[in-house]
1. Of everything in region 127-160, what is in contact with a strand residue (DSSP E or B) (Cβ under 6 Å, 6 or more places away or on another chain), among the polar types (S, T, N, Q) and farther than 18 Å from residue 196 by Cβ? Give them in sequence order.
2. Which of the numbered conditions does residue 154 fail, given that it passes all the others? Conditions: (1) under 19 Å from residue 40 (Cβ atoms); (2) surrounded by 13 or more Cβ atoms within 10 Å (Cβ to Cβ); (3) touching a Leu at 6+ places or on another chain (Cβ under 6 Å).
3. Please pick out the residue among 156, 175, 147 that is over 30 Å from residue 97 (Cβ atoms) and of a type in the set (D, E, K, R).
4. Tell me, which residue of region 186-206 that is among the aliphatic types (A, V, I, L, M) and modelled with pLDDT of 95 or more is nearest to residue 130 (Cα to Cα)?
5. Out of (1) more than 22 Å from residue 165 (Cα to Cα); (2) modelled with pLDDT under 90; (3) part of a strand (DSSP E or B), what's the single condition that is false for residue 57?
6. Take residue 138 and tell me if it is closer than 21 Å to residue 51 by Cα, surrounded by fewer than 18 Cβ atoms within 10 Å (Cβ to Cβ) and in contact with a Lys or Arg (Cβ under 6 Å, 6 or more places away or on another chain).
7. Restricting region 71-100 to residues that are surrounded by fewer than 21 Cβ atoms within 10 Å (Cβ to Cβ) and in contact with a Ser or Thr (Cβ under 9 Å, 6 or more places away or on another chain), which is modelled with the lowest pLDDT?
8. Which residue is nearest to residue 208 (Cα to Cα), if the candidates are limited to region 157-174 and must be among the hydrophobic types (A, V, I, L, M, F, W, C) and surrounded by fewer than 18 Cβ atoms within 10 Å (Cβ to Cβ)?
Amino acid sequence: MIHQNLGIGHPPKKNNMKRILFTVLTFLFVSIAMHAQHINLGIKGGLNGYTIKGDNSADLDIKVGYNIGLLGHIHIKKQFALQPEIVYSVQGAKSKISGSDQSLTMNYINVPVNFQYMYDNGFRLQAGPQFGILTSAKAATGSVKNDVKSSYKSTDIGLTVGMSYVQPSTGFGIDIRYNHGLTNINVNNTVKSYNRGVQVGVFYLFDHKS
């Protein structure tokens, strides 16, 4: 099984990382929103191409999934913005072992916070941190599935970088980004594995202002 090759052990000990990060992000959002020129809300969705990189994972292939969520576009200055999002993301990896199709499906609630530089023509460059919460994880061999959520860490911290384009007159746009996981997702720390993925999607900003 894929999850066995990634070196799984026992469930992790609980910590205060989620509480601390939530407090910091909340303070950051409130502080920036108070000084924002204007704020747009929006919706987004698209496709994922994810795999898992690290020790014992050289033979894992890209697994195609999807993402869907909400976003807030906060104008700080004329050409600078902050874009926090809440995104449901289907990730994982797949492989063929001894002629048998194997797959690992990991579902996350991701909270990326991208800092954006906005060009006047609608193009935007973006980068920032991402915090993920694992909601489920299933390993499958053919039609046989097993719940392996307890084998993985409940949180994942990473970085995102990419670009987007919005048509100012309509509020519709496209987005492409690379997500680089920094957290070793394995409970068993003797083997290190990290989420890696590309996302391509579309979004719509309500009452968009360029």
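The values are calculated or read from the model by the stated rules, or taken from the named source; none is laboratory data. Please read all numbers here as calculations on a predicted model, not as lab measurements. All Cβ positions, even for glycine, are placed from backbone atoms using ideal geometry, and neighbour counts span all protein chains on display.
1. Matches in region 127-160: 135, 136, 141, 146, 154.
2. Evaluating residue 154 over (1) under 19 Å from residue 40 (Cβ atoms); (2) surrounded by 13 or more Cβ atoms within 10 Å (Cβ to Cβ); (3) touching a Leu at 6+ places or on another chain (Cβ under 6 Å) leaves (1) as the failure.
3. On the way: 156 fails: over 30 Å from residue 97 (Cβ atoms); 147 fails: over 30 Å from residue 97 (Cβ atoms).
Being over 30 Å from residue 97 (Cβ atoms) and of a type in the set (D, E, K, R) holds for just one of 156, 175, 147, which is 175.
4. Filtering first and then ranking leaves 198.
5. Of the numbered conditions (1) more than 22 Å from residue 165 (Cα to Cα); (2) modelled with pLDDT under 90; (3) part of a strand (DSSP E or B), the odd one out for residue 57 is (3).
6. yes
7. So, considering only residues that are surrounded by fewer than 21 Cβ atoms within 10 Å (Cβ to Cβ) and in contact with a Ser or Thr (Cβ under 9 Å, 6 or more places away or on another chain), the one modelled with the lowest pLDDT is 97.
8. Result: 172.
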